[in-house]
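Taking it in order: structure first as structure tokens, then the write-up.
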Amino acid sequence: MNKFEQMLISVRFVGLMPTLQTLLYSRYRDRVDGKFKSSLVTASTTAITPTKIEDVKTFHNGAVFSFNDDLTLEVAFLSKKMVRITWQPGALPMYGATGDATIALQVELKEQDHGWHMTAGGLQVFIGQDGRLSYISNGELIRVDQPPVFRDPAWTHQAKLSDDARIYGMGERTYLNLRPGTYRQWNQDPGGSYGPGTDPLYVTIPLFYCQQELGGYMAFYENSFESEASFDDSATFEFTGGALRLYIIEGDLPKTLEEYSRLTGRAPMPPQWSLGFHQCRWGYPNADKIREVVAGFKENEMPLDVFHLDIDYMDGYRVFTNDPERYPDMQQLTGELEADGIKTVVILDPGVKIDPQYGVSATGLNQDVFVKLPDGSPMRGLVWPGWVHFPDFTNPQTRLWWGSYYRRFVEDGVDGFWHDMNEPACFSAFGENTFPRAAQHVMEGRGGSHQEAHNIYGLEMDHAGFAALRKMGNNRRPWLLTRSGWAGVQRYAWKWTGDTESSWDALKMTIATVLGLGISGIPYAGSDIGGFSGDPDAELYTRWFQMSAFMAFFRNHAANATKPREPWVYGEPTTSILRNMLLVRKRFIPYLYTLTRDAHQSGAPLARPVFWKTPEDASLWDVDDEFLLGENVLVAPVTQPGADRRTVTLPQGGWYNFWTEDYYGGSQQVTVAAPLEIIPVFIREGSLLPLQESDGLTLHLYLSAEDGSVTSSLYQDAGDGYGASRQDKFTVERQGAQLTLTWSREGSYPLPETVAVQLHGGQVAAAKVDGESQEWPEKSVRVAPFEKLEIELQSN
């Protein structure tokens with residue numbers, strides 16, 4: 001993007017006068033980096049590579065290998081499946097891993113010809129005399145690292161890729177398979193809107209999963225310095241500084257994500273309300289407009305669960321304030337919303353307006369919590385309030401200071417917080433829209449420049465907010481939404497895909513982006529329905545709405561210059577279609593909430609690639625326009641205008657059309673009807689799908705075509721807080737005409753008084769509940785909780 005294009009975007013989104021200020025900021029940023037050039041990290045022209053192991057020292061779970069020219073390699077096993085590789089010199093990272101990832105291990109180290117062999121009983125690593133590392137899993141060579149190249153303080157690292165290898169992950173990207181391609185690790189606001197091919201975006205994580213016939217593995221470089229990765233014949237990473245720290249995790253995608261999330265932190269259980277429908281718009285001018293929109297949902301009989309307040313509610317865009325005229329009484333507004341069953345979320349930006357009469361600014365200066373320049377003066381930036389200082393979230397004192405301001409909003413009835421502009425972003429007429437690279441950060445006391453701190457800025461803002469909310473001890477689970485972050489952000493916040501354009505290409509792209517975020521360890525993600533920037537027509541909006549109804553984060557949101565986009569403005573038949581999708585989402589809450597428990601316990605994302613359970617099926621590796629919701633639901637959004645049918649790739653096993661109950665065998669492509677009111681959705685045979693119907697919980701049982709046993713689960717608790725819970729396990733076994741459903745449970749959360757059971761794919765001839773005969777007059781039967789349900793199927 002050239003300077004003229006950047007200025008046009010600035011004028012559109014911030015106005016003419018602020019755009020003139022962006023010229024001043026751009027010059028300021030460049031002057032700072034010019035003046036403090038000596039503070040910037042620049043690579044040496046001298047290349048050093050390891051050539052000979054000169055010494056080996058062991059420790060409890062690994063060994064340190066000393067090479068020539070003061071290069072050292074530490075190899076540490078953190079589990080039988082995960083090994084940590086650290087090349088130095090260079091500053092060690094401090095923000096990705098949580099520090100509690102090692103389990104008790106017995107590591108074997110043996111000297112062999114030309115090197116050393118190490119294993120903890122699973123993954124094997126061979127360390128060559130020249131620094132070449134080979135990784136062996138189940139007898140197969142899955143990866144070979146070339147000797148790294150060190151150009152003080154920069155590192156280059158390369159590993160050969162097999163011809164069939166697919167590469168997924170790398171944080172927030174616009175494609176699912178990233179090979180071939182080159183990708184920058186430097187969190188960035190793309191400015192206004194973006195579509196396929198835009199890179200980098202708001203969350204960049206140097207992590208990828210390699211899917212290949214020889215066996216999959218995950219690679220995570222724990223290094224937040226600016227870097228670049230390319231995937232062609234090899235996977236090549238170039239870091240501008242820091243130690244070269246790499247984790248290799250062997251196994252299929254579910255197992256590697258479980259290990260990775262153990263390393264970087266699991267997502268906390270969210271409050272159940274966060275799975276509902278969220279409404280927002282940049283440009284609601286006052287509290288009365290919020291009330292008007294809520295009335296529109298009531299009038300159109302559309303359920304609404306959460307209302308987000310964008311920057312309009314602030315007093316002159318000052319963070320932690322509300323406008324005294326337009327939003328005069330936050331507590332009254334949130335109280336009205338709560339009375340209607342609607343939670344409130346407010347946006348927070350990190351920029352603090354420079355104003356001595358503004359308490360947040362004055363106390364921030366007094367407590368010395370802002371990002372500084374090398375000469376010790378506070379760095380200035382430019383965002384919505386005008387000239388601002390930015391908190392240095394790598395300073396523990398800053399996180400406590402920042403977090404102290406959340407209490408006021410919580411006491412006013414705010415339920416969640418939305419962190420925006422935290423790449424961090426600044427308004428710039430040309431050049432990069434972020435801090436000067438020479439800006440200085442505390443880095444937990446070690447110190448460092450923005451070259452290292454940039455990518456973890458959003459992560460640590462989220463850390464500050466999450467810690468503050470947990471510290472309040474009000475028995476409410478924190479809920480944060482973030483635009484930016486880094487490895488481990490899942491332990492604090494959900495993620496949305498930011499300012500996407502309103503186009504059919506962006507609709508399809510969103511599937512790949514959300515899947516890539518999940519593979520990168522972020523289980524809760526979604527997009528602004530219809531795209532943030534633009535005016536989708538009724539068809540595009542409907543198709544986007546349908547897709548979003550089956551993703552973790554389900555929000556309607558748009559830019560202030562767009563046309564109204566509340567879900568009734570398109571008229572009929574759109575209003576009725578969208579109302580139905582809102583009701584479908586309500587039905588799926590028990591299933592979705594159970595998936596949040598999976599994310600909390602194993603790191604599994606809600607939206608998963610279709611090869612999730614069958615990685616051996618190479619025909620699924622490139623499917624980027626469908627996704628699994630958990631293990632048992634397959635969603636195939638319509639991503640082409642005018643389409644009333646679509647071809648769906650079905651994984652192994654049998655699948656039921658959710659709408660028609662038609663049965664399809666797996667491992668094939670099928671073409672199904674998809675009129676505007678329908679998004680193709682399929683349910684895996686043998687599964688038990690818990691849905692919330694109008695008369696209570698219904699267990700939808702989908703009959704397997706073959707004999708066998710399948711296990712499904714249901715998680716329930718109060719929906720918030722840290723009280724009692726219950727995990728239910730349902731085992732469905734078919735033997736010919738005999739079908740048995742066994743229900744076991746753990747936990748003290750009360751059972752429902754009754755549940756309904758509905759059978760799909762067969763007819764009931766006779767039934768017994770815990771040994772007692774049970775009539776089955778309709779498609780479903782409602783009974784008290786049981787331990788065993790026995791069904792005799794009618795013969796065809």
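Taking Cα centre as origin and charging only the Cβ of basic (Lys, Arg, +1) and acidic (Asp, Glu, -1) residues, the dipole magnitude of the chain rounds to 1480 debye. Applying 1/(1 + (r/R0)^6) with R0 = 35 Å to the Cβ-Cβ distance of Leu109 and Glu616 gives a FRET efficiency near 0.60. Rounded to the nearest 20 debye, the dipole size of the stretch 300-373 about its Cα centre is 480 debye, using +1 on the Cβ of Lys and Arg and -1 on the Cβ of Asp and Glu. Taking the Cα centre of the stretch 493-548 as reference, the dipole from Cβ charges on Lys and Arg (+1) and Asp and Glu (-1) amounts to some 320 debye.
Peptides 225-235, 769-779, 65-75, 357-367, ordered by how many other C-beta atoms sit within 10 Å of their residues on average, highest first, read 225-235, 65-75, 357-367, 769-779.
In the list (i) 237; (ii) 165; (iii) 215, the label attached to volume of the Cα convex hull per residue in Å³ as derived from the coordinates here is (ii). Cross-link partners of Lys35 among aspartates and glutamates, defined as those whose alpha carbon lies under 14 angstrom from its own and excluding same-chain residues fewer than eight positions apart: Asp375. Were the residues from Tyr749 through Met472 laid out at 0.36 nm apart, the gain over their Cα-Cα distance would be 97.3 nm. Ignoring lysines fewer than eight residues from Lys37 along the same chain, the ones with Cα atoms less than 23 angstrom from its Cα are Lys372.
Per-residue extension of 0.36 nm, minus the Cα-Cα distance of Glu338 and Glu733, leaves a gain of 137.8 nm for this segment. For Lys768, the aspartates and glutamates whose Cα falls under 17 Å of its own Cα, not counting residues fewer than eight places away in the same chain, are Glu733, Glu778, Glu787, Glu790, Glu792. Couplings 3J(HN,Hα) of the stretch 655-670, computed from phi: 9, 9, 5, 4, 8, 9, 6, 4, 9, 9, x, x, 6, 7, 9, 10 Hz, in residue order, whole Hz [Karplus 6.51 cos²θ - 1.76 cosθ + 1.60, θ = phi - 60°; x for Gly and Pro].
Between Trp659, Val638, Ser687, the Cα set farthest toward the positive side of the dipole of the stretch 631-703 (charges on each charged residue's Cβ, about the Cα centre) is that of Val638. Using a cut-off of 29 Å between Cα atoms, the listed pairs Lys289/Lys508; Lys508/Lys779; Lys729/Lys779; Lys110/Lys613; Lys353/Lys495; Lys343/Lys613 include Lys289/Lys508; Lys508/Lys779; Lys110/Lys613; Lys343/Lys613 as exceeding that distance.
Here is how the number arises for the chain: DSSP H runs of 4 or more residues each give -39500 (n - 2.57), the sum is divided by the residue count, and the result at 222 nm is -6500 deg cm²/dmol.
Spatial offset of the stretch 243-269 relative to the stretch 703-759 amounts to 29 Å, using the alpha carbon center of each.
Our note on the geometry: Cα centres of the stretch 316-340 and the stretch 613-643, 42 Å apart. With a simple spin-label model that places each label point 7 Å from the Cα along the Cα-to-Cβ direction, the separation between Ser667 and Thr711 comes to 2.5 nm. According to the square roots a ≥ b ≥ c of the eigenvalues of the Cα gyration tensor, what is the shape class of the stretch 444-519, taking rounded for a/c under 1.5, prolate for a/b larger than b/c otherwise, and oblate for the remainder? Judged from the Cα gyration tensor, the stretch 444-519 comes out oblate (a/c at least 1.5, b/c at or above a/b). Given R₀ = 25 Å, FRET efficiency for Gln357-Leu400 by Cβ-Cβ distance, to 0.05? That pair, Gln357 with Leu400, gives E of 0.60. Over all other residues within a Cβ to Cβ distance under 9 Å of Pro651, the charged ones net out to +1, with Lys and Arg as +1 and Asp and Glu as -1.
One decimal place: the segment Lys57-Lys788 gains 257.3 nm when fully extended, by the rule 0.36 nm per residue minus the C-alpha distance. Taking amide H positions as modeled 1.01 Å from N, with prolines and chain starts lacking one, the residues under 5 Å from Glu685 and 5 or more places away or on another chain are Gly654, Trp655, Tyr656. Where a ≥ b ≥ c are the square roots of the eigenvalues of the C-alpha gyration tensor, would you call the stretch 255-322 rounded, which needs a/c under 1.5, or, failing that, prolate if a/b is larger than b/c, or oblate? Taking the square roots of the gyration eigenvalues as a ≥ b ≥ c, the stretch 255-322 is oblate. Only Cα pairs under 8 Å and 6+ residues apart enter the sum, and on that basis the relative contact order of the stretch 154-237 stands at 39 percent. Which FRET efficiency, nearest 0.05, do Asn68 and Ser377 yield, Cβ-Cβ r, R0 51 Å? Once the sixth-power term is evaluated, E becomes 0.75.
Values in this text are rule-based calculations from the coordinates and carry no lab data. Note that the structure is predicted; figures quoted are calculated from it, not measured. Quick reminder, even Gly has a Cβ in these numbers, built from the backbone with ideal geometry, and neighbours come from all protein chains shown.
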